[in-house]
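Structure below; questions to follow.
Values quoted throughout were computed directly from the atomic coordinates according to the rules given, and no laboratory measurement underlies them. If you're wondering where the values come from, they're calculated on a predicted model, not measured in any experiment. Glycine also receives a Cβ, built like all others from the backbone with ideal geometry; neighbour counts cover every protein chain displayed.
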Amino acid sequence: MIRISTYNIRYDAEKDQHNSWKNRKHLTIGNIVFLGASVIGLQECLHNQIEEIKSELKNKYGLNYSYVGNGRDDGKTHGEYSPILYNNDVVELIHSHMFWVSEKAYQPASRSWDAHCPRVCTWAFLRHKATGKAFYFLNTHLDHMSELARSEGTLMIKSFISTLDHGIPLCLVGDFNAHTDSTPVKNVLDTKQSSSLAHKYLKYLEIPLKDTFSFQTLYNAKSITQIKIGPDATFTGFDLAWKEDIDHVFVNSKFKVQSFVVFNNHPQNVSTKTTIASDHLPVVSDLIFN
């Protein structure tokens, strides 16, 4: 079994005042430690945030985490990351990569389909040390403004996923800015897509479409889990006024979903000076290798 998580930690913005990163990072990192996931897809990380998380996990809690991923603005350290944070004592990294969710998949800061911001997908091929099982883990954060960008983005990511070995366990997580019943999420779960649909997306990714290509079947973890705990909504805002189910976990058939938890330790009521960990709730899932 391996515990995974997806968590939009909200970027470091002084305009958030009492909810700025310097005031809440101890809460965010505390959630990561308490939940104990071995592989975590984070969203909205700036470079200073992911470095501070890694450093504090090591120096304060004695936890040996590393990460893969880069800033979306230059492919290095500028702009938001969608990094994959992983516990070196539980998994080992085999290899990793990142692409932009656009028609120019390897051009930093590229965006397409009316996207408001550049968007990336970070992926890693990892090995679970206790079992020796290798698995894929992908993390993304889709556009918050353009429905077209979200729809095209999910088709692009699913096309990429489908070029990977279908016999290897795979997990896709992220902030999709899309509800469970939305077109982008339906794109991820659709089992009747024609292989020809993938042609243009694989062209953007510079991957040839093979005659043997077929789309992988993915499942929404919260729909097939044995145990579900917590609210449906994962985005609350700092004022707790929002109730949006936009953070998701998807798996292929090589993972069995033991539990799906939306961890809500936000206060029931907030004042103008209440500090909370993030405007999103972390999602945690225990997955069993089939």
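Hey, got the dipole for segment 2-289? About the Cα centre, +1 on K and R Cβ, -1 on D and E Cβ, debye to the nearest 20?
It works out to roughly 640 debye.
Oh, and also: Note the per residue figure in Å³ for the convex hull of the C-alpha positions in segment 2-289.
Hull volume normalised by residue count: 119 Å³.
Quick check: from the Cα gyration tensor, does segment 1-141 come out rounded (a/c under 1.5), prolate or oblate?
It comes out oblate by the Cα gyration axes.
Could I ask something else about it? Taking other Cβ within 10 Å of each residue's Cβ, how do THR191, THR217, THR234 sort, fewest first?
Exposure proxy ranking, most exposed first: THR191, THR217, THR234.
Next up: How far is helix 147-161 tilted off the main Cα axis of the chain, in degrees rounded to 10, range 0 to 90?
That works out to roughly 60 degrees.
Hey, with R₀ at 22 Å, roughly what FRET efficiency would LYS210 and LEU148 work out to, going by the Cβ-Cβ distance, to 0.05?
0.20
Could I ask something else about it? Springs between alpha-carbon pairs under 10 angstrom, Gaussian network model over the chain: which of ASP114, ASP279, ASP247 fluctuates most?
Maximum fluctuation in the GNM of the chain, among the listed residues, is at ASP114.
How high is the FRET efficiency between ASN59 and SER196 when r is their beta carbon distance and R₀ equals 35 Å, given to the nearest 0.05?
E(calc), rounded to 0.05, equals 0.10.
Of SER66, SER102, SER223, which has the largest mean-square fluctuation in a 10 Å C-alpha GNM of the chain?
Maximum fluctuation in the GNM of the chain, among the listed residues, is at SER223.
How would segment 130-217 be classified by its alpha-carbon gyration tensor: rounded, prolate or oblate, with rounded meaning a/c under 1.5 and the a/b versus b/c comparison settling the rest?
Since a/c reaches 1.5 but b/c is at least a/b, the shape of segment 130-217 is classed as oblate.
Would you mind ranking TRP100, TRP21, TRP242 by Cβ crowding within 10 Å, fewest neighbours first?
In order of increasing Cβ crowding within 10 Å: TRP242, TRP21, TRP100.
Separate question: For a footprinting-style exposure proxy, rank SER271, SER195 by other Cβ within 10 Å, fewest first.
Placing the least packed residue first, the sequence is SER271, SER195.
May I ask which residue of THR6, TYR65, THR77 lies farthest towards the positive end of the charge dipole of segment 2-289, with charges of +1 (Lys, Arg) and -1 (Asp, Glu) on Cβ and the Cα centre as origin?
Ranked along the dipole, the leading option is TYR65.
Can you tell me which aspartates and glutamates have their Cα less than 20 Å from the Cα of LYS243? Leave out same-chain residues fewer than eight positions away.
ASP16, GLU44, ASP143, GLU147, ASP175, ASP181, ASP232, ASP279
What pairs in LYS200/LYS222; LYS15/LYS54; LYS76/LYS104 have C-alpha atoms more than 26 Å from each other?
Check vs 26 Å cut-off fails for LYS200/LYS222.
Per 0.36 nm of contour for each residue apart, how much would the distance between GLU51 and THR77 grow if the chain were fully extended, relative to their Cα-Cα spacing?
8.3 nm
Show that you can apply the helix-only estimate: for the chain, add -39,500 (n - 2.57) for every DSSP H stretch of four or more residues, divide by all residues, and state [θ] at 222 nm to the nearest 500.
After summing the helix terms and dividing by residue count, I get -6000 deg cm²/dmol.
To the nearest µm²/s, what D does Stokes-Einstein give for segment 143-290 at 4 °C and 1.567 mPa s, using the Kirkwood radius over alpha carbon pairs as Rh?
78 µm²/s
Which of LYS186, LYS256, LYS15 moves the most in a Gaussian network model of the chain with Cα springs under 10 Å?
Evaluated over the chain, the most mobile residue of the options is LYS15.
Roughly how many nanometres apart are two label points built 7 Å out from the Cα toward the Cβ at ASP239 and ASN23?
Label-label distance for ASP239 and ASN23, simple model: 1.6 nm.
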